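Structure, as structure tokens:
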Amino acid sequence: MNGYCSGSLQDKEVINICDGSRLGYVCDLAVDSATGRIISISVPGSGSLFQLHPEVIVIPWECVERVGTDAILVSIASKEKCSCRPPQKKPWWKCFFE
């Protein structure tokens with residue numbers, strides 16, 4: 001059985017294989033309560049160091065290509081380079097109230 005605990009996913013860096021960009025570390029994940037399956041992972045969006053309310057990038061689980069020992073490889077659209085849909089951005093506080 002291939003399973004992941006949320007703590008082990010948060011220790012991994014998320015890398016976009018389309019352009020090689022380092023997106024950051026997982027800050028949250030969404031789970032379907034009916035099936036127990038992961039729906040998406042969230043990483044902090046790029047923003048100013050002094051920005052009080054940074055955006056969060058939500059990456060659908062189907063865009064996750066591989067979960068390795070040190071990193072999570074994802075395939076997300078950046079300027080139409082990849083086939084997966086672009087990630088969604090949401091305010092930082094929505095991680096706590098959904």
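Points to keep in mind about this one:
- Of the criteria (1) modelled with pLDDT under 90; (2) surrounded by fewer than 13 Cβ atoms within 10 Å (Cβ to Cβ), which one Arg22 fails: (1)
- Those residues of region 5-19 which are closer than 17 Å to Cys63 by Cβ and surrounded by 13 or more Cβ atoms within 10 Å (Cβ to Cβ), in sequence order: Leu9, Lys12, Glu13, Val14, Ile15, Asn16, Ile17, Cys18
- Here the strands (runs of 3 or more DSSP E) wholly within region 37-98 that include at least 3 residues being at pLDDT 75 or above are 38-44, 55-60, 64-67, 71-74.
- Residue check, Val31 exposed (fewer than 15 other Cβ atoms within 10 Å of the Cβ) and modelled with pLDDT of 85 or more: yes
The values are calculated or read from the model by the stated rules, or taken from the named source; none is laboratory data. Remember, it's a predicted structure, so these values are computed and weren't measured experimentally. All Cβ positions, even for glycine, are placed from backbone atoms using ideal geometry, and neighbour counts span all protein chains on display.
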